[in-house]
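The values are calculated or read from the model by the stated rules, or taken from the named source; none is laboratory data. Bear in mind the structure is a predicted one, so any value in this text is a computation, not a measurement. Cβ placement follows ideal geometry from the backbone for every residue including glycine, while neighbour counts extend to all protein chains displayed. Keep in mind that these areas ignore ligands, DNA and RNA; they rest on the heavy atoms of the full protein, side chains included. Shrake-Rupley method; radii C 1.70, N 1.55, O 1.52, S 1.80 Å.
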Amino acid sequence: MMMTAVLFDFGGVVLSSPLEAFDAYEREQGLPAGVIRRINTTDPDDNAWARLERGQVDGDGFAELFRAEAAAQGVSIDPYAVLGLLVGEPRPVMVQALHRLSGAGFPLGLLTNNISPMPREGEFGEVLALFDSIVESSVEGIRKPEPAIYRRALERLGAAPDGCAYLDDLGANLKPARAMGMHTIKVADPRVALAELSEVTGIDLI
């Protein structure tokens, strides 16, 4: 079945991956490889990241919780430095694909876990303007992989699950979308992901 709408994650899909930034920071600071990811995936529904992405705590509240979680892993990490690693750069190949899909009339939605509402001006604003709907966890008070946020994204986009493709860089965030009937694409190599999206939309994206 050909897809008639597309939902995109932001960081790690449209933007460069914060996971790459975490890896680089760990090397620079002499931290154990993968420790930030381990902290983030311990108690994933109620840890510091989850609470921050739902807007349940502010930056200082996150810092207090994250320090304790890092200590439980046997490390000391500056939580404010980690927050600074979340700002990625737009991937030109993805921005080009968004333009092609938009030009072909595809409804485009953004579904992202984030820590604060995204700015609608500057370079980010130009990218965000390509989307017909934007669903942010920090605004909605729910986050991926909670099924409710996927339903909300589909409703705002006006798309049926079985006609919608969803791109994310995290497997855990793809599972609920797949269970709802969406065509899911895991983004590791952006070009490989866009080749698959080209096949299911009939639009040459690369």
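Once you reduce the stretch 127-167 and the stretch 34-70 to the center of their Cα atoms, the two points are 23 Å from each other.
Take the Cβ-Cβ distance between GLU126 and ALA160 as r, set R0 to 22 Å, and report the resulting FRET efficiency rounded to the nearest 0.05. Efficiency computed from Cβ-Cβ geometry: 0.15. Computed extension length for LEU83-VAL200: 38.6 nm, one decimal, from 0.36 nm per residue of separation with the Cα-Cα distance subtracted.
Computed from label points 7 Å out along Cα-Cβ, the spacing between GLN96 and MET2 is 2.3 nm.
Can you quote the Å³ per residue value for the convex hull of the Cα atoms in the stretch 73-147, rounded to an integer? Before the final figure, lay out the partial values.
Working: hull volume 10.2 nm³, N = 75.
Hull volume over Cα atoms, normalised by residue count, gives 136 Å³.
Taking each residue as 0.36 nm, the span from ALA179 to GLN73 lengthens on full extension beyond its C-alpha to C-alpha distance by 34.9 nm. Of TYR166, TYR80, the order by accessible heavy-atom surface (1.4 Å probe, DNA, RNA and ligands excluded), from most exposed downward, is TYR80, TYR166.
Fully extending the segment from GLU64 to ASP45, taken as 0.36 nm per residue of separation minus the present Cα-Cα distance, adds 5.1 nm. Pairing the Cα long axis of helix 147-157 with the longest principal axis of the chain, what angle in degrees results, from 0 to 90 and rounded to the nearest 10? Tilt relative to the chain: about 40 degrees.
Of interest is the spacing of the C-alpha centroids, which for the stretch 180-194 and the stretch 8-31 amounts to 19 Å.
When peptides 19-29, 117-127 are ranked by their average number of other Cβ atoms within 10 Å per residue, the highest-first order is 19-29, 117-127.
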